[in-house]
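Please read the structure below before turning to the comments.
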Ligand code: SF4
């Protein structure tokens, strides 16, 4: 399912509350540096027709118009969330758009936070890192600490994908980041095994995020055979994260 507008919602998010979405990707196409088997936008090959990105000015104008409407109807917004049809940090003007959103948030909904959902694979770009340090919830994906599993779950587009690079780039944020991990099984994939969880816990020890979000699939996914990991298993994984002193949020 694609989000067909630049600004969408607010929608009720299980993890973020009332979330006003900001989609920096095409309105009718997906662009991402990963191609996750569980992506709600579908696989990359199925959404490449529309490649037009909104400009910084268009995003700002549309957001402000929507905020005026929402204010006049007394709507509640807990978070402005960069998400949508792919990877938001791939927009070439991401850094400046974040500054515009901070300004508009301060003007219209000063109590709301700004969240970015990112796959963390653009962190060699200093502008992206700068922008992610400016937002309240810098939410970085780490579904496994093992390259072969990332290849299966997230299917990075770049053939030079390197898991050590990904982990060390995430670690630069220290407690100014949230790690989100999707646990999933089926179709030859399982990131809940002892070996997987041990490697992932070791990566978390290095990263020291301020929160670890643990969840599993809850909507239609583009690949057949993937199954939801049940709450008991997620809670067992959570216990191991708590043991190393990190905060957790499980969304069963
Ligand atoms: S990183 Fe996000 S947008 Fe990209 S394929 Fe994965 S789930 Fe979809």
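Which residues, taken from the stretch 100-119, are touching a strand residue (DSSP E or B) at 6+ places or on another chain (Cβ under 7 Å), assigned to a loop (DSSP other than H, G, I, E, B) and more than 13 Å from the ligand (Cβ to nearest atom)? 112 - this is the single residue of the stretch 100-119 that is touching a strand residue (DSSP E or B) at 6+ places or on another chain (Cβ under 7 Å), assigned to a loop (DSSP other than H, G, I, E, B) and more than 13 Å from the ligand (Cβ to nearest atom). Taking the criterion of being exposed (fewer than 14 other Cβ atoms within 10 Å of the Cβ), touching a residue at least 24 places away in the same chain (Cβ under 8 Å) and farther than 14 Å from residue 197 by Cα, the residues of the stretch 222-252 that qualify are 224, 225, 247.
Values in this text are rule-based calculations from the coordinates and carry no lab data. All values reported here derive from a predicted model rather than from experimental measurement. All Cβ positions, glycine included, derive from the backbone under ideal geometry; neighbour counts span all protein chains shown.
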